[in-house]
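Right, one structure below, let's go through it.
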């Protein structure tokens, strides 16, 4: 499984860099990416060396918003 959020913490500078890692989908937010992002943010928050959290997107796009394919699948699945 591919990591959907890359995390790098530089304790020397106090910067945690979190990179959305779905460039093939323009870093669109799906359930897995959101869960990994929440976990990464939580880990950065609990690290006392972190003073800044920088968010980035892999590839040319930061984030296209919600992954419409995943939303459509949820609608088609019904209740």
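State the label only: which of (1) 3, 12, 25, 26, 20, 10, 3, 1; (2) 3, 16, 28, 25, 16, 8, 3, 0; (3) 3, 16, 22, 20, 16, 11, 6, 3, 2, 0 corresponds to P(r) over Cα pairs in 5 Å bins from 0, in percent computed from the shown model?
(3)
When DSSP beta bridges are limited to those with both residues in the chain, what percentage is antiparallel, rounded to the nearest 5?
If we restrict to bridges inside the chain, about 45 percent are antiparallel.
To the nearest 500 deg cm²/dmol, what mean residue ellipticity at 222 nm is calculated for the chain from DSSP H runs of n ≥ 4 alone, each contributing -39,500 (n - 2.57), summed and divided by the residues?
Helices in the chain give a 222 nm mean residue ellipticity of -10500 deg cm²/dmol.
Evaluate the distance, in nm, between pseudo-label points positioned 7 Å from the Cα of residue 75 and of residue 45 along their respective Cα→Cβ axes.
3.2
Values in this text are rule-based calculations from the coordinates and carry no lab data. In this text, all values refer to a predicted model and were calculated from it rather than measured experimentally. With ideal geometry, Cβ positions are generated from the backbone for all residues, glycine too; neighbour counts draw on all protein chains shown.
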